[in-house]
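Below you'll find the structure, written out as structure tokens, and then a few comments.
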Amino acid sequence: MISRSDCEAMDASDKLAPLRSEFSLNPGEIYLDGNSLGPVSKNVGVRVNEVINDQWAKGLVRSWSAAGWMAAPLTIGAKLAPLIGAKANEVLVADTLTFAIAKLVGGALRLRPDRNIVLTDVANFHSDIYIINEVAKWAGRPIEVRTINRNNLAQELNENVALVEFTQVDYRMGEMLDMKSITKMVHDAGALMMWDFAHSTGAVPLDVEGCDVDFAAGCGYKYLNGGPGAPAFMYIREKWQNVIENPIPGWLGHARPFDFELGYEAALGMQAFVTSSPSILALAALDGALDIWSKTTIAEVRTKSLALTDLFIALVEERLPGVFEVVTPREHKKRGSQVALRHVESYAIVQALIERGVICDFRDPDICRLGFTPLYLGFVDVYDAVERLVDVMNSKVYDDPRFKVRNSIT
Ligand SMILES: Cc1ncc(COP(=O)(O)O)c(C=O)c1O
């Protein structure tokens, strides 16, 4: 039996425990939804206030250059780059994730003009599938988008496949895909590989350089804690920069934006994928949120993340044997930083948990999704969350009709 005092001992020897004080968390609440929206940290407020009160209020329009606003997509991209194993000049922060995917997929399709198939995962996040289908229509040639079972990739690859786009950690099940072997398989077939890192960045170690990834994108509001609707990032491997074209060009991706020329000439490097004015307040929030990474490393975070999810799975199996199916892989190398539990009453269970201060979410049709962010969660939090889950299940409180009314946001 795992006891609460075992968990207290784990917290006492946890090197990351002091980082919790950087975040604003509600007393008594256990936040297991950082995989949806990360909480706010101290430096976010500091940076945003600085931008408002000094740069905007006093510097006004001068701040576009004096405060580095114009360069912010690239400077904040460089700050984020180590988290994905990229070089500083390979990452840009702008737009939101669906737009970033649109730009990269549109650009990638022009790099393989003699091929006409895009493969994506049938279990992918729906926004990826919608935007890939739409962008395929702009390609100037007929493109077939195939939503495949990702386990059948080897059979689906052929000499007509231009691009494969997968999400590296499955948003629903929490399964992590092997980026290196999949990227290699795709390259061996002559296609390009693009990864969606929405549930990976800040959660698991990533090595885009070592895995030879062509393109990637991820969002800033989950494990990066950049705030609701925070800007996304795009990664373009150096060898593709100045080769790939931004299919949504705008003045700020122009080589000379302030010459106001009518003809488009792309800027060099990642700047070409900046389309329009950077969203400075949102970038400031993300910039402040990224400061936490100067106090830890993704390797430390990963070690603790696996310990937290191992503990959660062990406690659920010990305290609630046979009640849930744990659908997230047990194998560490296949697990992201979340645990998905399957139960026919998942929706109502999640609502009852939220009422008891365990904030998590539901994913259709029958998944309770619980995210574990080592920056601010401890082992006692995991223990207490399971205690509250045991109470919900044993009392069958989830049968109360008020927990079964579906909200539009789950
Ligand atoms: C895997 C994945 N891809 C894409 C998106 C869409 O992100 P955005 O709303 O920033 O476009 C999400 C959002 O949660 C996601 O989880």
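The values are calculated or read from the model by the stated rules, or taken from the named source; none is laboratory data. From a predicted model like this one, the values you see are computed outputs, not experimental measurements. Please note: Cβ atoms are built from the backbone with ideal geometry, for glycine as well, and neighbour counts cover all protein chains shown.
Of note:
- Members of segment 66-96 found to be within 16 Å of the ligand (Cβ to nearest atom), in a loop (DSSP other than H, G, I, E, B) and buried (at least 19 other Cβ atoms within 10 Å of the Cβ), listed by number: Asp95
- Selection count, segment 108-129, where residues are in contact (Cβ under 8 Å) with a residue 12 or more places away in the chain and either assigned by TED's automatic domain parsing to the domain that holds Arg363 or not in a loop (DSSP other than H, G, I, E, B) (or both): 12
- Answer residue from segment 229-247, given it is surrounded by 23 or more Cβ atoms within 10 Å (Cβ to Cβ) and away from the ligand (no atom under 16 Å from the Cβ) and is farthest from the chain's Cα centre (by Cα) among those: Ile244
- Residue match in segment 175-191 (condition: closer than 29 Å to Pro82 by Cβ, assigned by TED's automatic domain parsing to the domain that holds Asp287, within 11 Å of the ligand (Cβ to nearest atom) and out of contact with any Cys (no Cβ under 7 Å at 6 or more places or on another chain)): no
- Residue among Ser63, Ser21 that alone is polar (S, T, N, Q), touching a helix residue (DSSP H, G or I) at 6+ places or on another chain (Cβ under 9 Å), away from the ligand (no atom under 16 Å from the Cβ) and farther than 30 Å from Arg369 by Cβ: Ser63
- Selection within segment 202-228: residues that are under 10 Å from Gly85 (Cα atoms) and away from the ligand (no atom under 16 Å from the Cβ). The member of this set that is surrounded by the fewest Cβ atoms within 10 Å (Cβ to Cβ) is Gly210.
- Here Phe99 meets the list (1) closer than 14 Å to Ser279 by Cβ; (2) within 25 Å of the chain's Cα centre (by Cα); (3) away from the ligand (no atom under 16 Å from the Cβ); (4) in a helix (DSSP H, G or I) almost entirely, failing just condition (3).
- Taking every residue in segment 224-240 that is within 14 Å of Ala78 (Cα to Cα) and pairing it with any residue that is hydroxyl-bearing (Ser, Thr, Tyr) and modelled with pLDDT of 95 or more, at least 6 positions away or on another chain, the pairs with Cβ-Cβ distances below 6 Å are Ala232/Thr96.
- Strands (runs of 3 or more DSSP E) contained in segment 288-390 and holding at least 2 residues out of contact with any Phe, Trp or Tyr (no Cβ under 9 Å at 6 or more places or on another chain), among the small types (Gly, Ala, Ser) and surrounded by fewer than 24 Cβ atoms within 10 Å (Cβ to Cβ): none
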